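Everything on this sheet refers to the single structure shown next.
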Amino acid sequence: MTRLQVDGAPVELPAGASLLDAARAVGAWLPTLCHDDRLRPVGSCRTCLVRADGRTVAACVTPAAPGMSVDTTGEELRALRQEAVALIASALPPDALADDSPGELAETARILGIAPATAAAPHRHEPDETHPYVRLDQDLCIACGRCVRMCADVQGTFALTLTGRGSDTAVAPATGGLWAESDCVACGGCVDTCPTGALTQPGPGRGITSRSPRPDTVRTTCGYCGVGCTLDVVVRDGSVAAVLPARDGPVNRGHACVKGRFSYGYLTSAERLTEPLVRQDGVLTPATWDQALDAVAAGLRAAMEQGGPDAVAAISSARATNEENYLVQKFLRTGIGTNNVDNCSRLCHAPSAAGLTAAFGRAGGTDSFDDVERADCLLVVGANPVEAHPVVGARLLSAALDGATLIVADPRNVGLARHADLHLRPRPGTNVALFHGLAHVLVAEGLIDQDFLAERATGLDELCTLLTDYPPERAAEITGVPAGDITAAARAYGRAARPAIVYGLGVTEHLHGTDGVRTLANLAVLRGAVGGTGHGYGISPLRGQNNVQGASDMGALPDLLPGYGPVTDPAARARAEAVWGQQVPRRPGLRIPDMFRSAREGRLRALWIIGEDVCATDPDSRQVAEALDACPMVVVSELFLGETARHADVVLPAASWLEKDGTFVNFDRRFQRVRPAVRPPGTARTDFDVVHAVARTMGADLGCPTPADALSECARLAPDFAGLSYDRLDREGAVPWPCPSPHRPGESTLYTREFATGDGRAHLSAAPYLPPGEVPDADYPLLLVTGRRWAHYNSGSMTRRGGNLLLDGQGRLDLHPLDAARHGVRDGAPVTVESRHGRARLIARVGSDTAPGQVFCAFHFPADGVNALTSPHADTATSCPEYKVTAVRLRPTA
């Protein structure tokens, strides 16, 4: 600690603090026009001047030293600051300092008594209003560089620069031209940091930033991807005026992405469902809630009368809160009497849950992201976090730019791969061979932790025997990755002091996705880089949707109860039965693909789908639609009348994440609060209220009348959540599980004492490489990989109803120039993509992101029909679809 005197008062600060920190510690105000706490200080504006041991210095860049005497008061200092601010303001038009002007500069001028200068600079530039979320007025730019540094140092996009000379210097897109045509990814960081209003958000949010707390702000957790950003929602007249990244957000630390920051236009879309719909004479017709609930109850009862409880099933939602997921599975198990409940983790990270549980004992990542960020070697596999998890992507890139070795294993040359020290580009479907090749080098070159393996792991002999078949040369033959690159990557990971593994859907969405997770986990175990050893930060899965982790944690799974107790385990059932006061079915229920198959075969007679547009997101969408049409009662709870809802018998209007109370669990197992900022439109209800209403109509009482009660009840049932409550989350902000006691912190690092397997050891996997479900041939010569793009989310139901559509307005197929020439496809032209399962129409984008023989597209535009292409092949252990490997062919669309 550093002890010094500030304005005569003693101050104690942590090492590395600045004099600006010292001034703030005694409540002194200093202008800071070039400073943002999220950025490295530069001291260029000279407005935060103080006297330190007799010298006049800029407080933001001057370290606090022991025994220093600092003065922030006095007319001389005030005059110096006033002069500096007045000089900066003199270059701006007079209205920059008007009484109603937003921004830090105008506020600073008012505090210092600086009036607009009569001889101030005239307006010289037309504002750039081409971008839906960023308005640029260069006349208001003071060239402080905060926006440029925010874009480079925090976001890592490098989309901005300062152009011009002298008084003409101003911010501009680095590529020149208009903002809408720039590399900007609309994270909002530049808008939030700008002190003058040169960069603002158009519309009601203009001038609103995160710099000062506001009484009209509601703190919540983002409902898009699984990062779990803390957001402050500014509400005016019952509507959202702006969404701001919380400066003290435990994961995002004052940063956000385009989706969390700006993509809330869907809230007021004219297409929002605002009243229930019930099918009458083949047509979905508006109905009252009583009519809709009666129709649902009648359909459920009819299904049970004809086929028993197992004729009913529900697909719960990774977009819903923990408490809603908990209530759904409780209703199915106690109100209906079936384990037929599943959630969309089946389609993305079910192999993570299965693989991590088999390797270590729990269905979550091993370490916190704060620790992962401290790694000196980052192995990022099958993930494009720059686009799919932008805040995590930005933090990983920052770590790499600060010196961490970055190894990326991904077929495409996108995102972090462009900054990697080593980029491994395996053929889709060959992950297991790649991981075995890396493990072979670790073992052969002695880059393993023998003590850790002897004391805390099992299966080494079997794995070493298998690895003899996977030297780098053979792994290269299978994967297409040069043997030298495999060796170099293994050495970098094996020789690092603190390596970490981060992976995504490129590992899980395969025919052998669970094997992929387990063999990737082998690397952390071999290296002794898991279990709090201090030799690394384990393995972390990047979850796709906001509450994929939580939906599974809450037991919205056919074979697992809340807290992952198997339904086949008498002890786990007994815990649930003691809390619920009712018996729990013993037989595991249907997984999502089995539900659709059972419906087509006439055995499943009622299906409730909550917050998932399965016709747009599930594989082989033609068969999904056939299943819905064959099922006598389909209930859909949704925000919009998507393709799935059009097949429903009853459609229930749902509240969005900005309209509900509850909690989410993010990708590194942190429980965080979700709070309603605005009311749902019309008569739309939260899923929590709807499940209660359906249960009451069926004559069932689910108890736990509020979301807080539901989490408390779950805490009594699941030992890992016993220490959780709303009171605690409201106090602490974020609490990781396991959290077995209200008097102990949650465990951000798992397995520090022993692994949660039956024998307390990590289990290495000796699974051999097996080929993917499809391979190219003469009829279908290309491999299709599907994934996400930065401007959209999942099926696009929210992001396509707002300004994001102006940033990315159509589905595109990325292909290599050689393949474009071979198939007669031109850049920007329509192209038809055909597989053995279906057909899609997209716009070609020719470039080098994809390797020859491979194409890529997203599934954000359901009308394109992308998921009609994907095959029925699925992970043999979990039924997760093989989205990442489909054989296709192309032809220009006439």
Overall Cα dimensions of region 144-256 - principal axes, largest extent first, Å: 43, 30, 23
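Quick one: compute the contact order of the chain, relative version, from alpha carbon pairs under 8 angstrom and 6+ residues apart, as a percent.
Values: 2140 pairs, mean separation 119.9, N = 894.
RCO, the chain: 13 percent.
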Principal axis dimensions, largest first and in whole angstrom, of region 350-541 by Cα: 40, 36, 32
Point-to-point label distance, residue 730-residue 163, nm (Cα→Cβ direction, 7 Å offset): 5.1
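Take the eigenvalues of the Cα gyration tensor for region 28-107, scale each by 5, and report the square roots as semi-axes in whole Å, largest first. Don't skip to the answer; put the middle values down first.
Working: eigenvalues 128, 42, 20 Å².
For region 28-107, the semi-axes come out at 25, 15, 10 Å.
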Charge sum, other residues only, whose C-beta stays under 12 Å from residue 144's C-beta, Lys/Arg counted +1 and Asp/Glu -1: +1
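For region 350-541, what is the charge dipole size about the Cα centre, in debye to the nearest 20, if Lys and Arg each add +1 at the Cβ and Asp and Glu each add -1 at the Cβ? Please list the in-between numbers first.
Working: 14 positive and 21 negative charges, 60 e Å.
In debye, rounded to 20, region 350-541 gives about 300.
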Residue exposure sequence - 225, 257, 880, 704 - by fewest surrounding Cβ within 10 Å: 704, 225, 880, 257
Separation in nanometres of the label points that stand 7 Å from Cα toward Cβ, at residue 683 and residue 586: 4.4
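Only Lys, Arg, Asp and Glu count, each charged at its Cβ (+1, +1, -1, -1), so figure out the dipole size of region 80-237 about its Cα centre, rounded to 20 debye.
On the way: 12 positive and 19 negative charges, 80 e Å.
About 380 debye.
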Extension gain from residue 107 to residue 274, taking 0.36 nm per residue of separation minus the Cα-Cα distance: 55.9 nm
10 Å binning of all Cα-Cα separations within region 250-392, expressed as whole percents from 0 upward: 8, 21, 32, 20, 15, 3, 0
Using a Förster distance of 41 Å, the FRET efficiency for residue 294-residue 578 (Cβ separation, nearest 0.05): 0.75
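Add +1 for every Lys or Arg and -1 for every Asp or Glu among the other residues with Cβ under 15 Å from the Cβ of residue 132, and state the total.
Working: positive: 135, 206, 259, 261, 800, 801; negative: 128, 129, 181, 808.
Residues close to residue 132 contribute a combined charge of +2.
Quick check on region 70-115: what does the Kirkwood estimate of hydrodynamic radius come out to from the alpha carbon pairs, in Å? Intermediate values should be presented prior to the final figure.
Details: mean 1/r = 0.0902 Å⁻¹.
This gives a value of 11.1 Å.
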Charge sum, other residues only, whose C-beta stays under 10 Å from residue 255's C-beta, Lys/Arg counted +1 and Asp/Glu -1: +4
Order of 148, 690 - criterion: other Cβ atoms within 10 Å of each residue's Cβ, fewest first: 148, 690
Cα-only radius of gyration and Dmax that characterise the chain, units Å: 28.2, 89
Translational D in µm²/s for region 334-419 (Stokes-Einstein at 4 °C, 1.567 mPa s, Kirkwood Rh from C-alpha pairs): 86
Reachable lysines from residue 330, criterion Cα separation under 20 angstrom, eight or more residues apart if same chain: 660
For q = 0.12, 0.14, 0.18, 0.20 Å⁻¹, Debye-computed log10 I/I(0) when each Cα of region 684-832 counts as one equal scatterer: -0.98, -1.01, -1.10, -1.20
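Give the range of the longest stretch in the chain that excludes all GluC sites (Glu not before Pro) found in loop regions by DSSP and having at most 14 other beta-carbon atoms within 10 Å. All intermediate terms of the calculation are to be shown ahead of the outcome.
Values: sites that count: 129, 271, 445, 601, 754.
Maximal segment without exposed cleavage sites: 272-444.
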Globularity index of region 459-540, i.e. its alpha-carbon radius of gyration over 2.2 N^0.38 Å: 1.13
Whole-Å semi-axes of the ellipsoid equivalent to region 782-892 (Cα gyration tensor, √5λ, descending): 20, 20, 12
Acute angle (nearest 10 degrees) that the helix 513-527 long axis makes with the longest principal axis of the chain, alpha-carbon atoms: 50
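In terms of the Cα gyration tensor, with a ≥ b ≥ c the square roots of its eigenvalues, is region 429-568 rounded because a/c is under 1.5, prolate because a/b exceeds b/c, or oblate? Present the calculation step by step, with values, prior to reporting the outcome.
Details: a/c = 1.93, a/b = 1.52, b/c = 1.27.
It is prolate, given that a/c is not under 1.5 and a/b is the larger ratio.
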Prolate/oblate/rounded call for region 1-72, Cα gyration tensor, a/c under 1.5 rounded: prolate
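Where does each of 559, 449 land when they are ranked from fewest to most other beta-carbon atoms within 10 angstrom? Don't skip to the answer; put the middle values down first.
Working: 559 15, 449 20.
Lowest to highest Cβ neighbour count: 559, 449.
Each reported figure results from applying straightforward, stated rules to the coordinates on display, with no laboratory input. Being a predicted model, the structure only gives us computed values, none of them experimental. Here Cβ is always computed from backbone atoms with ideal geometry, including for glycine, and neighbour counts include all displayed protein chains.
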